[in-house]
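S.K.: Sharing a structure here in structure tokens format.
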Amino acid sequence: MASSLQGIKSIEQFHLDDVRVFLRLDLNVPLDANGKISDDTRLRAALPTISYALEKGAKLVLASHLGRPSKAKDPKKLSMEVVAQALQEMLEVDVFLVEDPASDTPKALLAGLKAKQVILLENLRFNPGEESNSREFAQHLADYTDLYINDAFGASHRQHASIYALPTLVEKKGIGLLMKKEIEMLERVRNHPDKPFVAVMGGSKVSDKITVIEKLMDAVDVLIIGGAMAYTFLLAKGEKVGTSRVEKDRIQFAKDVIRRFESRGKKLLLPVDHLASSSFEHLEDLAVTSSANIPEGKMGLDIGPKTIELFDEAIKTAKTVFWNGPMGVFERKELSQGTFAMAQAIAESDSLSIVGGGDSAAAAEASGFADQFTHISTGGGASLEFLEGVKLPGLEVLRPPKRSEESVEEL
Ligand code: ADP
Ligand code: MG
């Protein structure tokens with residue numbers, strides 16, 4: 001299978017000295033109630049490309065969106081100000097925040113930009129043209145762009161102005177170092193995983209993950225299912241699930257998956273015990289169940305110790321592990337054991353290990369084992385779409401037209 005990067009140039013292939021580079025990044029960091037950055041993973045992931053471009057003498061315009069201003073109660077809280085400050089400290093350069101990306105300010109600033117100075121545009125989504133993929137908005141950005149570089153893997157599944165319309169208006173374009181790494185890593189899972197290949201799936205909804213499961217079904221040797229998703233599968237097998245979260249309209253899908261695994265002689269592992277409680281808010285009667293069945297009136301909120309052992313054994317044998325979806329409501333300490341145990345098992349296994357999904361990436365970081373994964377995708381939804389085989393608009397727009405089409409035109 002051809003690489004998704006075929007024909008697409010990377011930043012290392014361009015001359016950068018004194019070149020005005022528009023660097024689209026994914027600096028969409030989570031903010032806490034006080035407006036402080038609660039996890040700077042995405043900033044750290046963006047640093048290699050920024051540093052590389054600065055070393056080569058590029059005049060940098062950094063750009064990203066932050067949150068969803070159109071839906072926020074107080075959009076001003078989504079200013080890139082905090083990001084500017086954080087980058088200034090991390091990079092030890094002056095970061096000039098430009099309030100209106102569609103004004104003449106960036107061009108004027110670029111003309112006088114010195115070494116150790118970069119421009120950061122204010123939240124691109126403050127301009128409605130960003131999400132509507134406005135050509136007019138993109139034209140303003142193109143006016144001060146010699147080279148367009150997309151390093152925003154996590155935003156590349158969106159056809160927005162800075163991702164899509166802008167590169168159609170710029171002649172020189174390519175990808176950054178993070179984008180390249182993300183695609184190469186996810187392609188190893190998608191195209192040629194070393195066997196045994198174990199996929200660990202969890203999280204809140206089966207419906208979110210149907211296409212990924214369909215896609216991985218042929219390639220995996222073992223599919224592990226935990227999290228809320230597991231209850232729909234357990235119900236499909238005739239187990240009792242109490243008041244656990246289930247998706248009734250996905251029971252048939254779950255039955256099909258179970259049947260398809262059985263008929264191919266592959267392993268589908270489901271929880272054999274749980275941590276269950278009668279209420280989600282109060283965990284007074286939280287207890288380990290004695291079997292896969294959940295007592296009446298209780299809901300499963302994490303996998304139990306026997307399940308951890310069972311899943312661990314399978315992970316130990318793996319040469320490739322893809323993990324998407326927490327095993328329980330890991331945001332609460334009492335319900336985080338299953339998820340962190342999986343993080344540890346995957347991190348300590350002798351496998352190429354890839355984590356996809358926003359909450360899973362956060363869980364991997366929180367587990368304390370982040371350093372030992374081969375790759376934790378910053379992509380969230382984009383990494384899942386990529387695995388599903390969906391073409392990312394932000395990547396496709398950078399690909400030159402196919403040779404055959406060119407030669408037809410020449411004739
Ligand atoms: P990702 O973002 O990695 O793709 P998801 O968004 O699918 O993951 O799922 C994450 C969410 O699933 C978490 O917020 C977690 O609390 C929730 N979750 C996991 N297990 C359960 C459960 N048993 N009951 C309710 N919610 C759960
Ligand atoms: Mg999520």
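The values are calculated or read from the model by the stated rules, or taken from the named source; none is laboratory data. Just so it is clear, the model here is predicted, and its values are computed rather than measured. As a convention, Cβ positions derive from the backbone with ideal geometry for all residues, glycine included, and neighbour counts pool all protein chains shown. Heads up: the accessible areas ignore ligands, DNA and RNA and are worked out on the full protein's heavy atoms, side chains in. Shrake-Rupley method; radii C 1.70, N 1.55, O 1.52, S 1.80 Å.
S.K.: Which of the numbered conditions does ALA362 fail, given that it passes all the others? Conditions: (1) modelled with pLDDT under 95; (2) away from ligand 1 (no atom under 13 Å from the Cβ).
M.R.: (2)
S.K.: Just a yes or no: is a residue in the range 228-246 within 16 Å of ligand 1 (Cβ to nearest atom), farther than 20 Å from PHE330 by Cβ and within 24 Å of the chain's Cα centre (by Cα)?
M.R.: no
S.K.: Could you tell me whether any residue of the range 386-394 is within 23 Å of LEU268 (Cβ to Cβ), within 16 Å of ligand 2 (Cβ to nearest atom) and not assigned by the TED database to the domain that holds ILE163?
M.R.: The answer is yes, given that some residue of the range 386-394 is within 23 Å of LEU268 (Cβ to Cβ), within 16 Å of ligand 2 (Cβ to nearest atom) and not assigned by the TED database to the domain that holds ILE163.
S.K.: Further question: So which residues in the range 252-281 are among the acidic types (Asp, Glu), modelled with pLDDT of 95 or more and in contact with a strand residue (DSSP E or B) (Cβ under 9 Å, 6 or more places away or on another chain), if there are any at all?
M.R.: Listed by number, the list holds a single entry, ASP273.
S.K.: When residues of the range 302-331 are filtered for being aliphatic (A, V, I, L, M) and touching a Lys or Arg at 6+ places or on another chain (Cβ under 8 Å), how many remain?
M.R.: So the answer is 1.
S.K.: Looking at the range 141-169, which of the residues that are among the β-branched types (Val, Ile, Thr) and open to solvent by 10 Å² or more (accessible area, probe 1.4 Å) is nearest to the chain's Cα centre (by Cα)?
M.R.: Selected residue: THR168.
S.K.: Which residues, taken from the range 224-254, are surrounded by fewer than 19 Cβ atoms within 10 Å (Cβ to Cβ) and part of a helix (DSSP H, G or I)?
M.R.: Those that are surrounded by fewer than 19 Cβ atoms within 10 Å (Cβ to Cβ) and part of a helix (DSSP H, G or I): LYS248, ASP249, ILE251, GLN252, PHE253.
S.K.: If you don't mind, another one. Taking the condition outside the structural domain of GLY356 (by the TED database), closer than 17 Å to LEU43 by Cα and without any contact (Cβ under 8 Å) to a residue 40 or more places away in the chain, does VAL95 pass?
M.R.: When the stated conditions are applied, VAL95 passes them.
S.K.: What residue, of LEU384, LEU352, is within 14 Å of ligand 1 (Cβ to nearest atom) and touching a residue at least 40 places away in the same chain (Cβ under 8 Å)?
M.R.: LEU384
S.K.: If you take the residues in the range 31-51 that are without any contact (Cβ under 8 Å) to a residue 60 or more places away in the chain and assigned to a loop (DSSP other than H, G, I, E, B), which one is surrounded by the most Cβ atoms within 10 Å (Cβ to Cβ)?
M.R.: Residue satisfying both the conditions and the ranking: ASP40.
S.K.: Any chance you could count how many residues in the range 359-384 are over 14 Å from LYS209 (Cα atoms) and out of contact with any Leu (no Cβ under 9 Å at 6 or more places or on another chain)?
M.R.: 14
S.K.: Could you check the range 195-220 and list, in sequence order, the residues that are more than 10 Å from ligand 1 (Cβ to nearest atom) and closer than 10 Å to GLY325 by Cα?
M.R.: Selection gives VAL200 alone.
S.K.: Among (1) open to solvent by less than 10 Å² (accessible area, probe 1.4 Å); (2) at positive phi, there is one condition VAL83 misses while meeting the rest; what is its number?
M.R.: (2)
S.K.: Restricting the range 175-205 to residues that are β-branched (Val, Ile, Thr) and within 18 Å of the chain's Cα centre (by Cα), which is farthest from ligand 2 (Cβ to nearest atom)?
M.R.: Once the filter is applied, the top-ranked residue is ILE175.
S.K.: A further question on this structure: Could you tell me whether any residue of the range 61-77 is in the same structural domain as ASP104 (by the TED database), among the basic types (Lys, Arg) and within 27 Å of VAL170 (Cβ to Cβ)?
M.R.: Yes, the conditions are met somewhere in the range 61-77.
S.K.: Here's another thing I want to ask about it. Can you find even one residue in the range 289-301 that is free of Cβ contacts under 8 Å to residues at least 24 places away in the same chain, among the basic types (Lys, Arg) and within 14 Å of ligand 1 (Cβ to nearest atom)?
M.R.: For the range 289-301, residues free of Cβ contacts under 8 Å to residues at least 24 places away in the same chain, among the basic types (Lys, Arg) and within 14 Å of ligand 1 (Cβ to nearest atom): absent.
S.K.: Now, a different point. Run down ASP74, ASP40, ASP17 and say which single residue is within 23 Å of LEU141 (Cβ to Cβ) and of a type outside the set (Phe, Trp, Tyr).
M.R.: ASP17
S.K.: Something else: Mind checking which helices (runs of 4 or more DSSP H) fall wholly inside the range 293-411 and carry at least 2 residues that are in contact with a helix residue (DSSP H, G or I) (Cβ under 9 Å, 6 or more places away or on another chain)?
M.R.: Qualifying helices (runs of 4 or more DSSP H): 305-316, 337-348, 358-367, 381-388, 393-396.
S.K.: Follow-up question, since we're still on this one. Scan the range 347-397 for residues that are crowded, with 20+ Cβ neighbours inside 10 Å, closer than 28 Å to ALA165 by Cβ and of a type in the set (A, V, I, L, M, F, W, C) and report the count.
M.R.: 6
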